[in-house]
1. When the stretch 831-850 is examined, which residues are found to be open to solvent by 60 Å² or more (accessible area, probe 1.4 Å), more than 24 Å from GLY776 (Cβ to Cβ), under 35 Å from the mean Cα position of the chain (by Cα) and touching a residue at least 24 places away in the same chain (Cβ under 8 Å)?
2. Looking at SER686, SER707, can you tell me which residue is in contact with an Asp or Glu (Cβ under 6 Å, 6 or more places away or on another chain), of a type in the set (S, T, N, Q) and either assigned to a loop (DSSP other than H, G, I, E, B) or at pLDDT 95 or above (or both)?
3. For GLU425, work out the one condition from (1) closer than 23 Å to HIS638 by Cβ; (2) in contact (Cβ under 8 Å) with a residue 40 or more places away in the chain; (3) touching a helix residue (DSSP H, G or I) at 6+ places or on another chain (Cβ under 8 Å); (4) open to solvent by 30 Å² or more (accessible area, probe 1.4 Å) it doesn't fulfil.
4. Please verify whether the stretch 213-229 includes one or more residues that are without any contact (Cβ under 8 Å) to a residue 60 or more places away in the chain, among the aromatic types (Phe, Trp, Tyr) and not in a helix (DSSP H, G or I).
5. Answer yes or no: is there a residue in the stretch 202-209 that is small (Gly, Ala, Ser) and at negative phi.
6. Between PRO676, PRO697, which is more than 21 Å from TYR625 (Cα to Cα), touching a Pro at 6+ places or on another chain (Cβ under 9 Å), open to solvent by 40 Å² or more (accessible area, probe 1.4 Å) and not acidic (Asp, Glu)?
7. Would you check which residues across the stretch 349-364 are assigned to a helix (DSSP H, G or I) and crowded, with 22+ Cβ neighbours inside 10 Å and list them?
8. In this structure, is VAL320 without any contact (Cβ under 8 Å) to a residue 60 or more places away in the chain and closer than 22 Å to LEU210 by Cα?
Amino acid sequence: MAYTAALQILIDNLKKLIHGTHDPVINNNSLILSKRPQFQLLYQELNSIIQTLFSIHHLHEFEKVRNLKKRFKDAAEEAEDSIDIFLSALHFGNRGVFSGSDVLKTSLDLDKVLKSIESIKVELMTINIGNMKMDSSSRISHVKRQSVAAGTSYTRNPLRIMKPSEEIVVGHDRDAEIIRDKLTEDTKQLSIISIVGMGGLGKTTLATKLFNDPFLKYHFHIRAWATVSQTYIKRDFLIQILTSVGVQQSLDEASDSQLREMLHKKLMGRKYLIVIDDIWSVEAWSELKMFFSHDNTGSRILLTTRLNEVAVHVKQHGFVHSLPCLTEEESWELLKQKVFHGDECPEWLIEPGRHIARKCQGLPLSVVVMAGVLAKEPMSKDLWEEIACSISSYQKGNLETLALSYHHLPDHLRECFLYLGGFPEDFKFNVERLIWLWVAEGFIEEAENRKLEDTAKAYLTDLINRNLVVVVKRNVIGDVESCELHDLVRELCVQEAKKERFFLKIDSLSLSSQLHPDILYQQRRLFTNADMTVVNFTLFPARSIRSFFCFQYNIYSFTVTPCSFLLLKVLDLQKGGMHCFPVGIALLVHLRYLSIWYSSGVTKSICKLWSLQTLILHKYFGPVYLPREIQDLLNLRHLWCNKTIQLPYIGKLMNLQSISYVKLEGGVDNLQKCFPIIKKLHLYGSEGEQYHFELLPYLETLKLTGSGSSRNHIWFPATLKKLTLTSCCLPWSDMSSIQSLPNLEVLKLKSHAFVGAHWDACEQQFRQLKFLLFYGLNVKQWEASSTSFPCLKRFSLEECEDLEEIPLEIGEIATLELIEINTLCYDSIVESAVRIQQEQQDVGNDELEITINGKPLSHFFEDDISEYQWEASSTSFPCLKRLSLRTCEDLEEIPLEVGEIATFELIEIDNLSNRVVESVKRIQQEQHDVGNDEMKITISGMDLSLYLSRGLPPRSDIVSNSYLNLENAMRSIQQMRFLGAP
């Protein structure tokens, strides 16, 4: 159980109550001053226990310690609730609200909580933690049992280990090829290759495939296999290796030093391959690597691990390969192989079978489990469809495998991870919003000289590196923008969260029936897809709920009362289209995060939410006018809206870190005074305005939209990393102030950001720039050298109709990966792109990709074919293997001579005229007559004979005099595709 969010927030609040805060109701309040001795005592007791109780970091803690942590968590939550109700009463008493309420009382008695904590402290002191650490045999036995149950190899008697055996392997062929090449490359130094990926992805299966590869058996003199797992003993590892290489002595009787000496003699001077499967820590690798000598024999070690941290640590000595999920087709192929063992799948089972394979989401372990289920059941379509709808019920064993990853998490990551399970299936997490939520929940520990958001980002990176969270999208400089959970990992979150009473998740429409007081009791978080409009929460007290998420659309109303939701810290109603703000929102004085979708104006009540850190507003139309009192929210860190925010003159310092789409009514001359720590700013400017952004020492991301009618004068800070300029009407000479920015990585120039027909960037150098965008600029001539953008990875050109060409020197930038052109394709632009690609291919650079309107440059020309007739001879394409025709509706026929090409293997056509179909029939018949039955022809994915048996679709023949003559031999073409020809 982790050092919980309730503890973190409680500790923070006690500090404020002891030392004072910005809140005038708390500062110098006589009632609070009278309670400070209790606050001080509670703070000391909590810290004392935390330092002891949460310093026990065993993978599987003893039951007594787990129970103490649970009791301590409950006591802390009770203290937090009591203090927060007391503070709410002070706020409302100060305003004259609910002064007679039985719930809101200005009395506070912490004696019961202090007694509970004292009892826990006494019991904790009776536990001999030192002896607990020494006596770990029961814990190791538990891990062994769990590993066996989860399908993870573990043994205490390596003499009985069998070498990995062959099994059905589908997919990962390319992965095996890459790793095989690394294992056999011509280097004498000992090299370590790591396979990294989430549990159940097939790392061990792939390693087994490589271990048994005939060429690798021949290539290496000695091969050995050992499994490490989470809890390992060095002696066992040595015995596993020696047994695997065939040492016959009585290894159990040998000392550790004798075992090391045996292994050293066995490996010395020989080329060996050692597979170390399922390694879990850097420390384990640091110990194990000492057993292997560096004899410059070309030896290799192959590791498998779930943790990127381990793989990256080892990378300095070798290569890391991240294993991807199976494709849908590979999943289906594996399912067929496991169920039918090479026999054909009956046609009526193909559709439900594919559905089952798809729902396994590329995880081989899930596919194998479902294959085991299907293989034991009758081959009934109805039954398979029923199984497809309830796949999660068959995945218990898989959850046990993944649970090992969860139990290996450090305390500070557990709540962050479990939290993700409350969101809907296939939910795409916006990383920025997720980080704001984690901060608001109190999951993030404070670190010296580091913002909470930066620490939260590091937490997410850690979860990604542990292969528990999947990256969905990265931005142009590689930062993660969105992420998701694999369905099976989400099931694990829900399962563990239920055990921990971490959140209540209600997806049923009959919400009222599930809101029994016994269910709501002590629940801290509520996630639901249900219709909230039919629920009266005054009948279902939900006072302990601290976070509420509703993913239902059209939430017409939401009411806060002293009995329900009073202590909320997080309220997310961004899916619902409410007409106005929630009734009683001013009661939520502890609210830290508010996300809401509404259609009316912003109520001044939100300016009473003194704890608010994040405010996200979604509005249907029109700008959002915020009241001037918004400046009283001194804890507000993030202000975001999907529409323009009209902000009145701000006369106070605010602690905003990010603000979106804002227009300052009082001008921008007070930016530094109002937003001294701003990091991310999207500002709408005014005509003739001057912008002294250099006075903002923390600004990293700036989007500035000018008036579009006159030039703006702008000064930028050296901290800037991302810059977007729109309608600023700057002369190109002002670019010198941008190119000098030492940290700038992204530059987007949009719609008259700069004006002028000529930009000469030859003498300028953008030292760190990785992404450059031109959108809607009127520049005609652009000059640049390969040193102007030495780190550029991607250049994007959109709607720049006046630009004559892209400088050839851009293609010479060593780091450049992609040029994308999304615009009207004028010949000069296309020609410059062609020259760039040709020049780079001539010097051996085949990595540079150029796209036009989303398609590769080569496809751009394929789409431009307009001829109806095609003539060719058998010598036109002497090496051709495959011809693919897609949507070439006007093509009359395929030349019969194409079928005479000796190397020809496949013709695949789709959406073509009947005359083309007739021509391929003749080609197949002619080749059959001369004994060539190897050529395959498919139409719309079906074999020609099957397609014809179902009848040809009605099409009218097309006659034209246009023709295409390809008589001149093209001797190196092996594959041709015609796409979309008119």
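1. Answer for the stretch 831-850, where residues must be open to solvent by 60 Å² or more (accessible area, probe 1.4 Å), more than 24 Å from GLY776 (Cβ to Cβ), under 35 Å from the mean Cα position of the chain (by Cα) and touching a residue at least 24 places away in the same chain (Cβ under 8 Å): just GLU847.
2. SER707
3. (1)
4. no
5. Our first condition is that a residue be small (Gly, Ala, Ser); within the stretch 202-209, this holds for 202, 207.
Filter once more, keeping what is at negative phi: 207.
Looking through the stretch 202-209, at least one residue is small (Gly, Ala, Ser) and at negative phi.
6. Numbers: PRO676 fails: open to solvent by 40 Å² or more (accessible area, probe 1.4 Å).
None of the others qualify; the one that does is PRO697.
7. Here is the first cut: in the stretch 349-364, the ones assigned to a helix (DSSP H, G or I) are 349-359, 364.
Once the filter is applied, which keeps residues that are assigned to a helix (DSSP H, G or I) and crowded, with 22+ Cβ neighbours inside 10 Å, the stretch 349-364 yields GLY353, ILE356, ALA357, PRO364.
8. Against the criterion (without any contact (Cβ under 8 Å) to a residue 60 or more places away in the chain and closer than 22 Å to LEU210 by Cα), VAL320 does not qualify.
The values are calculated or read from the model by the stated rules, or taken from the named source; none is laboratory data. It should be emphasised that the depicted structure is a prediction, and the values quoted were computed from it without experimental measurement. Positions of Cβ are backbone-derived with ideal geometry, glycine not excepted, and every protein chain shown enters the neighbour counts. For accessibility, only protein heavy atoms count, side chains too; no ligands or nucleic acids. Shrake-Rupley method; radii C 1.70, N 1.55, O 1.52, S 1.80 Å.
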